[in-house]
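Asks: Have a look at this one.
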Amino acid sequence: MFRFNPALKAEGKNPLTIDSKAPTTDYREFIMNEARYSALTRSFPERAEALFTKAAKTSAEHYAHLLNLRDMYESEFVNKD
């Protein structure tokens, strides 16, 4: 979760706020708490593994992208006195 509020720039604050905390557990471990994903591993183990690996990579890339955007706004658009 993140918020973008351009009005914060006028206050000298970063307009991009990331509300989500960094992941603290393994992606696969997290999703295996859901019955639908654990059922998928029983029905289609090879496909499930490929999908979980791809989803974990995509999730990490998206979070890293948000952090990069936040840092970009911090360095380029926030008024620093």
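Bear in mind that the values in this text are calculations on the coordinates, not laboratory data. In this text the structure is predicted, and so the values were computed from the model without any measurement. No Cβ is skipped: glycine too gets one built from the backbone with ideal geometry, and neighbour counts run over all protein chains shown.
Asks: Filter segment 34-63 down to residues that are closer than 30 Å to Leu16 by Cα and surrounded by 11 or more Cβ atoms within 10 Å (Cβ to Cβ), then give me how many there are. Break it down stepwise before answering.
Replies: So in segment 34-63, the residues closer than 30 Å to Leu16 by Cα come out as 52-63.
If we keep only those that are surrounded by 11 or more Cβ atoms within 10 Å (Cβ to Cβ) as well, we get 52-53, 55-60, 63.
Residues in segment 34-63 being closer than 30 Å to Leu16 by Cα and surrounded by 11 or more Cβ atoms within 10 Å (Cβ to Cβ): 9 in total.
Asks: Please indicate, with yes or no, whether at least one residue in segment 73-81 is aliphatic (A, V, I, L, M), in contact (Cβ under 8 Å) with a residue 40 or more places away in the chain and touching a helix residue (DSSP H, G or I) at 6+ places or on another chain (Cβ under 7 Å).
Replies: First pass over segment 73-81, keeping only residues aliphatic (A, V, I, L, M): 78.
From what is left, the residues that are in contact (Cβ under 8 Å) with a residue 40 or more places away in the chain are 78.
Among the residues that remain, those that are also touching a helix residue (DSSP H, G or I) at 6+ places or on another chain (Cβ under 7 Å) are: 78.
Looking for residues that are aliphatic (A, V, I, L, M), in contact (Cβ under 8 Å) with a residue 40 or more places away in the chain and touching a helix residue (DSSP H, G or I) at 6+ places or on another chain (Cβ under 7 Å), one finds at least one in segment 73-81, hence yes.
Asks: Quick check on segment 9-33: of everything there that is touching a Pro at 6+ places or on another chain (Cβ under 8 Å) and under 15 Å from Met72 (Cα atoms), which residue is surrounded by the fewest Cβ atoms within 10 Å (Cβ to Cβ)? Can you show your working first?
Replies: Looking only at segment 9-33, we keep the residues that are touching a Pro at 6+ places or on another chain (Cβ under 8 Å), and these are 9, 15, 30.
When the remaining residues are screened for being under 15 Å from Met72 (Cα atoms), the result is 9, 15.
Numbers: Lys9: 15, Pro15: 18.
Per the stated criteria, the residue is Lys9.
Asks: Still on this structure: Where residues in segment 1-52 are among the small types (Gly, Ala, Ser) and assigned to a loop (DSSP other than H, G, I, E, B), which of them is farthest from Leu66 (Cα to Cα)? Steps first, please.
Replies: Restricting attention to segment 1-52, the residues satisfying the condition of being among the small types (Gly, Ala, Ser) are 7, 10, 12, 20, 22, 35, 38-39, 43, 48, 50.
Now narrow it down to the ones that are assigned to a loop (DSSP other than H, G, I, E, B): 12, 20, 22.
Numbers: Gly12: 20, Ser20: 10, Ala22: 11 Å.
Ranking the candidates gives Gly12 first.
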